[in-house]
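Okay, structure first, notes after.
Laboratory data are not the source of any read-out in this text; all were calculated from the coordinates shown. Just so we're clear, the structure is a prediction, and the values are computed from it rather than from any experiment. Cβ placement follows ideal geometry from the backbone for every residue including glycine, while neighbour counts extend to all protein chains displayed.
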Amino acid sequence: MKSGVIIITGTSKGIGRHLAEHYLANGWIVAGCSRGESTIGHDNYSHTSLDIGDEKDVTRMVRTVHAKHGKVDALLNNAGRASMNAALLTPGSTLEKVFRTNTFGSFYFARETAKLMIRQKQGRIVFFTTVARPLRLEGEIAYAASKAAVESITQILARELGSNGVTVNAIGPTPVKTDLIRGVSDNSIQNLLDRQAIKRIGEFEDVTNVVDFFLKPESSFVTGQIIYLGGVEN
Ligand SMILES: NC(=O)c1ccc[n+]([C@@H]2O[C@H](COP(=O)([O-])OP(=O)(O)OC[C@H]3O[C@@H](n4cnc5c(N)ncnc54)[C@H](OP(=O)(O)O)[C@@H]3O)[C@@H](O)[C@H]2O)c1
């Protein structure tokens, strides 16, 4: 796989940490972030502690990475938060928090990196959605709606950037065992798995495989696509 400079959001744990370690092992320079401190020690890794919902901090981080390395080849918009609430019990403050991270934060990173990628005439942007969106999962209204907006951003940005050598795609994982789904009951997870074509929990490698595909130089003709794991259909 070709390597380069990659920004990955939400690298302190879960899928983001696995992705950071995977790309470091494959020779990439990784710039990660999370609200907390770094949990990765590697010569080619740098960490910024920020809230991705803070537009100014996101802009500053992207510019700093670019100033240090002279380019940004790829962005993995992984950081996210979930929320399990029945619609009628969902306060506005929950909607605001979930959209601020999942939708606004991902948009800020995409916008700032896309400005650089257009000038470079190449780049890869990968967003993170969820099967909760196409499955119209009951009890996850704020989360699924925030990711529906992420999917729209993916598809519109793909069209706006298509003639500039920048591809924009999204991956929609099934449940993967991380802190994000720690509060979800075994029964709810099983009900969800039963709605997949392939009824098993997702592994980190399932996610990495799809992201690898989006990043490949040979994938320059693939954009605006949303790939769900487990055989879940849109
Ligand atoms: N795990 C699943 O079952 C699953 C299924 C479908 C989709 N996904 C998607 O996959 C992505 C990663 O999920 P995960 O399971 O790895 O979650 P996770 O284990 O909870 O990790 C989330 C990461 O994002 C960071 N983060 C959260 N809010 C942030 C903020 N406002 N600013 C900066 N960093 C923030 C967290 O660090 P701090 O807390 O230190 O900020 C952490 O590093 C998410 O977009 C999620 O929606 C996950």
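Somewhere in the stretch 110-132, is a residue in a helix (DSSP H, G or I) and aromatic (Phe, Trp, Tyr)?
no
Screening Gly224, Gly202 for residues that are surrounded by fewer than 23 Cβ atoms within 10 Å (Cβ to Cβ), of a type outside the set (Asp, Glu) and on the phi > 0 side of the Ramachandran plot leaves exactly one candidate, Gly224. Among all residues of the stretch 56-73, there is at least one that is out of contact with any strand residue (DSSP E or B) (no Cβ under 7 Å at 6 or more places or on another chain), over 23 Å from Pro175 (Cα atoms) and near the ligand (Cβ under 10 Å from one of its atoms).
From the list Thr64, Thr48, pick out the single residue that is out of contact with any Phe, Trp or Tyr (no Cβ under 8 Å at 6 or more places or on another chain), β-branched (Val, Ile, Thr) and in a strand (DSSP E or B).
Details: Thr64 fails: in a strand (DSSP E or B).
Only one candidate passes the filter, namely Thr48.
Contact map, the stretch 128-145: residues that are on the phi > 0 side of the Ramachandran plot paired with residues that are part of a loop (DSSP other than H, G, I, E, B) and away from the ligand (no atom under 11 Å from the Cβ), Cβ distance under 6 Å, separation 6+ or inter-chain. Pairs shown: Gly139/Met84; Gly139/Ala86. Restricting Arg100, Arg81 to those that are basic (Lys, Arg), within 15 Å of the ligand (Cβ to nearest atom) and part of a loop (DSSP other than H, G, I, E, B) reduces the list to Arg81.
One residue stands out among those in the stretch 172-199 that are exposed (fewer than 12 other Cβ atoms within 10 Å of the Cβ) and outside any helix (DSSP H, G or I): the one that is nearest to the ligand (Cβ to nearest atom), which is Arg182.
Among the residues of the stretch 151-171, the ones that are farther than 17 Å from Pro134 by Cβ and surrounded by 17 or more Cβ atoms within 10 Å (Cβ to Cβ) come to 6 in all. Tell me yes or no: at least one residue of the stretch 154-170 is in contact with a Ser or Thr (Cβ under 8 Å, 6 or more places away or on another chain) and within 11 Å of the ligand (Cβ to nearest atom). Yes, because at least one residue in the stretch 154-170 is in contact with a Ser or Thr (Cβ under 8 Å, 6 or more places away or on another chain) and within 11 Å of the ligand (Cβ to nearest atom). Selection of the stretch 67-78 for residues being assigned to a helix (DSSP H, G or I) and of a type outside the set (A, V, I, L, M) yields Lys68, His69.
If we keep just the residues of the stretch 103-132 that are more than 15 Å from the ligand (Cβ to nearest atom), of a type in the set (S, T, N, Q) and within 18 Å of Ala170 (Cα to Cα), which is surrounded by the most Cβ atoms within 10 Å (Cβ to Cβ)? The selected residue is Thr113.
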